[in-house]
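Structure first, then comments.
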Amino acid sequence: MTSAVTYELNESVATITLDDGKVNVLGPDMQTAINEALDSAEKDASKAVVLAGNQRVFSGGFDLAVFQSGDAKAALGMLAGGFELSKRCLTFPKPIVMAATGSAIAMGSFLLLSGDHRIGQPKTKCQAIEVAIGMTIPISAIEIMRHRLTPAAFDRGASLAAIFVGDEAIAGGWLDEIVEADQVVARAQEVAAQAAATLHLGAHLATKL
């Protein structure tokens, strides 16, 4: 793992924290580090996982510098890697609680939607920003949004790059609950510990799949 991702195991809950010192871009190195942390969570005695952002943001999405580099292979690799990471979270053998310490934008929002439970704070902004910056939303992202959001929030979120904050983020399906900013990670760990104590992991995974 790189210094941008830390891993901590506390009894039954593994906490993975993203912090690149900026907006937690999901470039190749960050993707690799998150996957390595998830590998550790699978191997360890954890029964649930918390995936958290830094004090500023959950994730601002893909590294736009890679897209703008002109290296099509690198861009496609990053794109594929991001959605493989989402798929891994959606099918992970243990519950994953997303701690949206700050905003979740573009691929960051799709990763947020890939958790089993999502906790934010009053200023957590959820947005699929693609059509506002001249990009077409990948079909993988469309299907993640369709799976998690209400029909109205899906339409506005995908085609209008609508921003969802607060109660509207909960009503639309982006978040499951909102707590004060300094309580997001602690609440996520509490929810994860409760899931670890009450769920049969085999039944959880089979039902999720």
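The values are calculated or read from the model by the stated rules, or taken from the named source; none is laboratory data. Bear in mind that the values here come from a model prediction, so they are computed numbers and not experimental data. Cβ atoms come from the backbone with ideal geometry, glycine included; neighbour counts cover every protein chain shown. All accessible areas refer to the heavy atoms of the entire protein, side chains included, with ligands and DNA or RNA removed. Shrake-Rupley method; radii C 1.70, N 1.55, O 1.52, S 1.80 Å.
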Checklist entry - Near the amide H of GLY27, under 5 Å away, which other amide H atoms are found, from residues 5 or more places off or on another chain, if H is placed in the peptide plane? => result ASP63
Checklist entry - Which of the lysines could be linked to LYS94 by a straight reach, that is with a Cα gap under 19 Å, when you skip same-chain ones fewer than 8 residues away? => result LYS43, LYS47, LYS208
Checklist outcome for this item: Given unit charges at Cβ for Lys, Arg (+) and Asp, Glu (-), the dipole magnitude of the stretch 1-114 about its Cα centre in debye, nearest 20, is 280
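Given a 1.4 Å probe, how much area per residue of the stretch 78-123 is accessible, in Å²?
On a per-residue basis, the stretch 78-123 sits at 23 Å².
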Item to check | Correct choice for P(r) over Cα pairs in 10 Å bins from 0, in percent that was computed from the model, options [x] 9, 38, 35, 14, 3, 0; [y] 9, 38, 38, 13, 1; [z] 9, 29, 29, 19, 9, 4, 1, 0 | outcome: [y]
Checklist entry - What does the charge count near THR150 come to, summing +1 for each Lys or Arg and -1 for each Asp or Glu among other residues with Cβ under 11 Å from its Cβ? => result +1
Next on the checklist: Test of understanding: express the Cα radius of gyration of the stretch 16-119 as a ratio to 2.2 N^0.38 Å, with N the residue count.
Outcome noted: 1.02
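Normalising by the residue count of the stretch 1-132, find the relative contact order in percent from Cα pairs under 8 Å and 6+ residues apart.
Worked out over the stretch 1-132, it gives 24 percent.
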Checklist entry - How fast does the stretch 137-205 diffuse by Stokes-Einstein, in µm²/s, taking the Kirkwood radius from C-alpha pairs at 25 °C and 0.890 mPa s? => result 175
Item to check | From phi via Karplus (6.51, -1.76, 1.60), per-residue ³J(HN,Hα) for the stretch 8-15 in Hz, x at Gly/Pro | outcome: 9, 10, 10, 6, 9, 10, 9, 10
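Please report the relative contact order for the stretch 57-114, taking Cα pairs under 8 Å with a sequence separation of at least 6, and give it as a percent rounded to a whole number.
60
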Checklist outcome for this item: Sorted largest first, the C-alpha extents of the stretch 128-173 along its principal axes in whole angstrom are 28, 19, 12
Checklist entry - Put +1 on the Cβ of every Lys and Arg and -1 on every Asp and Glu Cβ in the chain; which of ALA65, ALA141, CYS126 then has its Cα farthest towards the positive end of the dipole? => result ALA141
Checklist entry - Straight-line reach from LYS22: which aspartates and glutamates have Cα under 15 Å away, leaving out those fewer than 8 places along the same chain? => result ASP63
Item to check | Per-residue HN-Hα couplings for the stretch 47-60 [Karplus 6.51, -1.76, 1.60; θ = phi - 60°; Hz; x = Gly/Pro] | outcome: 10, 7, 10, 10, 10, 10, x, 8, 5, 9, 7, 6, 6, x
Checklist outcome for this item: Note to self: C-alpha centroids of the stretch 62-97 and the stretch 169-192 sit apart, in Å, by 24
Checklist entry - Cα atoms only, the stretch 71-120: Rg and Dmax in Å? => result 12.0, 36
Checklist outcome for this item: Whole-percent carbon and sulfur contribution to the accessible surface of the chain (1.4 Å, no ligands, DNA or RNA) stands at 54
